[in-house]
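In what follows, a structure is listed as structure tokens, so that the remarks can point back to it.
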Amino acid sequence: MGFFSRKSNIDPNSEHRDWELVSSIAQTSLNEQKKARRWGIFFKILTFVYITFVLVSIFMQNRDTGSGFNFADPHTGVVYVEGVIADGEEASANNIVTGLRRAFESEGSKAVMLIINSPGGSPVQAGYVYDEVKRLRVLYPDKKVYAVIKDLGASGGYYIAAAADEIYADKASLVGSIGVTASSFGFVDLMEKAGVERRNFTSGEHKSFLDPFAPLKENEKQFWESVLQKTHDQFIRVVKEGRGDRLANNGDLFTGLIWNGEQAVELGLIDGLGSPGSVARDIIGHKEFKNYTPRLSPLEEFTKRFGVAVGVGMGKVLGVSSDNPIQLR
């Protein structure tokens, strides 16, 4: 009865109605089977991709953390600083510091290497790492710290590198950018053209001084610039403390400029040219690596890559991130 209740060319009184009914049922069943097969194939592919991703993640973790490696054997303890230095990111102070403590505490690690590939980030996070390197060097005076810059060791990345006993980079690596930035947008004129009225209620004369929808006051501009200058002064003090007499007498060192590896050697920003492998082999004398950097579990990595990271990334691109507005870049 259900089949004849739909719009159909089938005549219930036709002598061929039985055959037509059987044909309709068969066609409907066939269509349902096709849909079921398509969905089944889709979910099988999705499951296969997920399992493959998890297995590859486990393999990479085992490879990076030295699966089967005897931790008591002499080696170079490695901690990675990759990406933006910020709370909640892979290069957060918590992750880096945890790795550093593990590397220093390990009896088999004869030296600690920071492998840096970062454009910078939060001065607070970079400062935490810098201070922890200095503290651990006092606790373990026999273990030197080496920083090796890969593609980029700029601003907050260089801030951390300055805590090392020696710094190396490739001849084409980008090094420096010793400066501070804080940026936003101003929408006052746009709001006036659009006929939008701003209503913002605060208690405190300067509570909304960074409001992009309000005109920038000269006294507030000067105040914010003084905050940035103080942060810059802290950065300069850290670099001078870490590099000492190795720094060249060059007025451009702390202006935010960036140099390649060869130039950085001449300026005293780094001690020489080299890769992680060559430094471990030729400078430290222990070519075997052990990675002490904390890693996300495969499930956490999967979730971050295909979920949360997308939202966070879009927020940053659109300028609506809630991260600290002051950046070492």
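Bear in mind these aren't lab numbers, they're just calculated from the coordinates by the rules spelled out. Model, not experiment: these values are computed from the prediction. Glycine also receives a Cβ, built like all others from the backbone with ideal geometry; neighbour counts cover every protein chain displayed.
Using θ = phi - 60° in the Karplus curve 6.51 cos²θ - 1.76 cosθ + 1.60, the 3J(HN,Hα) couplings for the range 95-102 round to 5, 5, 5, 4, x, 4, 5, 4 Hz; x is entered for Gly and Pro. Taking other Cβ atoms within 10 Å as a rough exposure proxy, 184, 155 sort from fewest to most as 184, 155. Listed by chain and number, the lysines whose C-alpha is less than 23 Å from the C-alpha of residue 34, apart from same-chain residues fewer than 8 away, are 7, 44. Near the amide H of residue 258, within less than 5 Å, lie the amide hydrogens of 177, all on another chain or at least 5 residues away, with H placed in the peptide plane. By the count of neighbouring beta-carbon atoms within 10 Å, fewest first, 199, 102 end up ordered 199, 102.
Rounded to the nearest 0.05, what FRET efficiency do residue 207 and residue 34 have when you use their Cβ-Cβ distance and R0 = 51 Å?
On the way: r = 63 Å, r/R0 = 1.23.
Result of the calculation: an efficiency of 0.20.
Quick one: which of 38-45, 75-82, 221-228, 239-246 comes out on top by average Cβ neighbours within 10 Å, and what's the full order, highest first?
Values: 38-45: 10.0, 75-82: 24.1, 221-228: 12.0, 239-246: 14.6.
Ranked from most to least packed, the peptides come out as 75-82, 239-246, 221-228, 38-45.
Step through the table entries 171/221; 110/230; 193/221; 144/240; 143/230, compare each Cα-Cα distance with 30 Å, and write down the pairs that go over it.
Numbers: 171/221 39 Å; 110/230 37 Å; 193/221 24 Å; 144/240 19 Å; 143/230 33 Å.
Too far apart for the 30 Å limit: 171/221; 110/230; 143/230.
Amide H contacts for residue 291 (H built 1.01 Å from N in the peptide plane; partners 5 or more residues away or on another chain; cut-off under 5 Å): 66, 78. Note down the net charge around residue 169, summing +1 for each Lys or Arg and -1 for each Asp or Glu among other residues with Cβ under 13 Å from its Cβ. Local charge sum for residue 169: -4. Under a Cβ-Cβ cut-off of 12 Å, what is the net charge of the residues other than residue 288 that fall near it, where Lys and Arg count +1 and Asp and Glu count -1? That works out to +3. Phi angles across the range 146-155 convert, under the Karplus curve 6.51 cos²θ - 1.76 cosθ + 1.60 with θ = phi - 60°, into 3J(HN,Hα) values of 10, 10, 10, 8, 8, 6, 8, x, 10, 6 Hz, Gly and Pro given as x. Note that the range 263-275 has calculated 3J(HN,Hα) couplings of 5, 5, 5, 5, 7, x, 6, 10, 8, x, 9, x, 10 Hz, one per residue in order, obtained from phi through the Karplus relation 6.51 cos²θ - 1.76 cosθ + 1.60 (θ = phi - 60°); glycine and proline are x. If you take all other residues with their beta carbon under 9 Å from the beta carbon of residue 150, and give Lys and Arg +1 and Asp and Glu -1, the sum is -3. Placing a pseudo-label 7 Å from each Cα along the Cα-to-Cβ vector at residue 190 and residue 49 gives an inter-label distance of 3.4 nm.
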